[in-house]
1. Looking at region B:53-64, which of its residues are out of contact with any Pro (no Cβ under 9 Å at 6 or more places or on another chain) and free of Cβ contacts under 8 Å to residues at least 24 places away in the same chain?
2. Can you pull out every residue in region B:69-106 that is loosely packed, with under 15 Cβ neighbours inside 10 Å, in contact (Cβ under 8 Å) with a residue 60 or more places away in the chain, of a type outside the set (S, T, Y) and more than 9 Å from chain A (Cβ to nearest Cβ)?
3. Any idea which of (1) in contact (Cβ under 8 Å) with a residue 60 or more places away in the chain; (2) more than 10 Å from chain B (Cβ to nearest Cβ) is the one A:F67 doesn't satisfy?
4. Say we look at region A:1-36 and pick out the residues that are among the β-branched types (V, I, T) and farther than 11 Å from A:L76 by Cα; which of these is farthest from the other protein chains (Cβ to nearest Cβ)?
5. With more than 23 Å from A:A92 (Cβ to Cβ), part of a strand (DSSP E or B), more than 9 Å from chain A (Cβ to nearest Cβ) and of a type outside the set (D, E) as the only criterion, which of B:T15, B:T22, B:T55, B:T5 stands out?
6. Quick check on region A:84-114: of everything there that is surrounded by 17 or more Cβ atoms within 10 Å (Cβ to Cβ) and not in a strand (DSSP E or B), which residue is modelled with the lowest pLDDT?
7. Count, please, the residues in region B:58-78 that happen to be assigned to a strand (DSSP E or B) and farther than 19 Å from B:L96 by Cβ.
8. Please verify whether region B:37-47 includes one or more residues that are among the charged types (D, E, K, R) and outside any strand (DSSP E or B).
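The values are calculated or read from the model by the stated rules, or taken from the named source; none is laboratory data. Computed from a prediction, not measured in an experiment: that's the story for all the values here. Note that each Cβ is placed from the backbone with ideal geometry, even for glycine, and that neighbours are counted across all protein chains shown.
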Amino acid sequence: AQSVTQLDSQVPVFEEAPVELRCNYSSSVSVYLFWYVQYPNQGLQLLLKYLSGSTLVKGINGFEAEFNKSQTSFHLRKPSVHISDTAEYFCAVTRNSGNTPLVFGKGTRLSVIA
Amino acid sequence: EAQVTQNPRYLITVTGKKLTVTCSQNMNHEYMSWYRQDPGLGLRQIYYSMNVEVTDKGDVPEGYKVSRKEKRNFPLILESPSPNQTSLYFCASRALDSSYEQYFGPGTRLTVT
């Protein structure tokens, strides 16, 4: 079975500063990885995904993530955050075969401070 | 517009009173799923369905039922709600293709007193 650990439950950061949200996964098989964002009072929206190919994945709103197989990590980064990036961010994993369900981490709340 | 809709968005009910939360998608997706979101626990899957008449348990199915009689609809049924089912519920859908992109509804906040 797959599992996901988001290492920080809350991350406060000043506006225009860089941010990294950490995600580690556990799996005995190859996986696909995802980051979702949840703005206040809304559903989840896909930020980016790694299925195959380049390990550096670019997503919407200036976010990117790097798949590191040896460290079983998929950290999310943004070089300069905006107030509008304040949201909860979820890392998720699924097996790369068989259309198995997504397993989500517990979330990281990013608070951008003016 | 491609979307997943849920109704109601907010519901307050009492213990034991049966309720149904509806979910509908207009993208012709085969796969649909229900999650509950609780503080500090993230999203946990309740049930999922790979196609019409095909449903399976997720991680936390106790106290819930689902049905998939039509491709577009996937209602969540609480036959006898209890206070520990107070939560934020999300429905999601995706195509069974190589994109793996899952679309989420806006959520239903349920309070059981």
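1. Within region B:53-64, B:E53, B:V54, B:T55, B:K57, B:P61, B:E62 meet the criteria.
2. The answer is B:E79, B:P83.
3. All conditions are met except number (1).
4. Looking at residues that are among the β-branched types (V, I, T) and farther than 11 Å from A:L76 by Cα, I get A:V13.
5. None of the others qualify; the one that does is B:T22.
6. Taking the candidates together, the pick is A:P101.
7. Here is the first cut: in region B:58-78, the ones assigned to a strand (DSSP E or B) are B:65-66, B:73, B:76-78.
Subset that is farther than 19 Å from B:L96 by Cβ: B:65, B:76-78.
The number of residues fulfilling the criteria is 4.
8. No - not one qualifying residue is present in region B:37-47.
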